[in-house]
Amino acid sequence: FTKVFDPTQNDPTVVIEGLEPLLEILHQDISQGDIPVSDADSEPANSASTPSELLNFLQNSNIGMQVSLWQRLREAYESIDYQPMVLCCYFRVIELLLSDLKSPSYSEKSLSERQTVLLKYIRLINDLISKICLSVSSHSDALDCMDDERLQNAMSCLVDLQKMLHASTMLQDEIKIG
């Protein structure tokens, strides 16, 4: 826990080594819908139970915790000026926000809570899309880390975003027209 949540840790290499494997496993589990029992290979032998406990903790945490960890990983990559992984972190946050909007917990919220969360997420996604566009246009190597799976996930999240925005526009038109 301290390796992941230590706010005084300023060494980007340590932050990346601690967060990236954990967040990638968490991302795979969220997208596949399963929880690993243990992943002893990714941690020292004296803490073999920590990964599954930490993953369970993060899977049960609110979305803000996961977004802040992805942002912390992005900041670590920014500090070493590795733009391709910064871009991957932006896409992972967008995927995370969109998956939360599709979750049953979002549907169970009251109308006013859903509206507030939706507007907050759209604003954050808008900021992230702007940063992605700026990064791609100003860094020739921005897409170097986008293997087939990451590219497919990124395009899928952009398509989901487009569908959501299109549906909201259609609803707005339906309300205006009647």
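The values are calculated or read from the model by the stated rules, or taken from the named source; none is laboratory data. All values reported here derive from a predicted model rather than from experimental measurement. No Cβ is skipped: glycine too gets one built from the backbone with ideal geometry, and neighbour counts run over all protein chains shown. Remember, those area values only see protein heavy atoms, side chains included, never the ligands or the DNA or RNA. Shrake-Rupley method; radii C 1.70, N 1.55, O 1.52, S 1.80 Å.
I'm checking my understanding of the structure. Among residues of the range 126-178 that are open to solvent by 80 Å² or more (accessible area, probe 1.4 Å) and among the small types (G, A, S), which one is farthest from R114 (Cα to Cα)? Filtering first and then ranking leaves S140.
Residues in the range 53-90 that are among the hydroxyl-bearing types (S, T, Y) and open to solvent by 20 Å² or more (accessible area, probe 1.4 Å) were compared, and the one that is nearest to the chain's Cα centre (by Cα) is S68. Scan the range 115-125 for residues that are of a type in the set (V, I, T) and either farther than 15 Å from F91 by Cα or surrounded by fewer than 16 Cβ atoms within 10 Å (Cβ to Cβ) (or both) and the total you get is 2. Contact map, the range 40-69: residues that are over 12 Å from L22 (Cβ atoms) paired with residues that are of a type outside the set (A, V, I, L, M, F, W, C) and modelled with pLDDT under 80, Cβ distance under 8 Å, separation 6+ or inter-chain. Pairs shown: A40/P51; A48/S38; S49/S38.
Among the residues that make up the range 98-108, is at least one of them open to solvent by less than 50 Å² (accessible area, probe 1.4 Å), part of a helix (DSSP H, G or I), touching a Cys at 6+ places or on another chain (Cβ under 6 Å) and over 23 Å from P12 (Cβ atoms)? Taking every residue of the range 98-108 in turn, at least one turns out to be open to solvent by less than 50 Å² (accessible area, probe 1.4 Å), part of a helix (DSSP H, G or I), touching a Cys at 6+ places or on another chain (Cβ under 6 Å) and over 23 Å from P12 (Cβ atoms). The set of residues in the range 141-174 that are free of Cβ contacts under 8 Å to residues at least 60 places away in the same chain and not in a helix (DSSP H, G or I) comprises D141, A142, L143, D147. Consider S138 carefully, then state whether it is among the hydroxyl-bearing types (S, T, Y), free of Cβ contacts under 8 Å to residues at least 40 places away in the same chain and within 27 Å of M85 (Cα to Cα). The answer is yes for S138.
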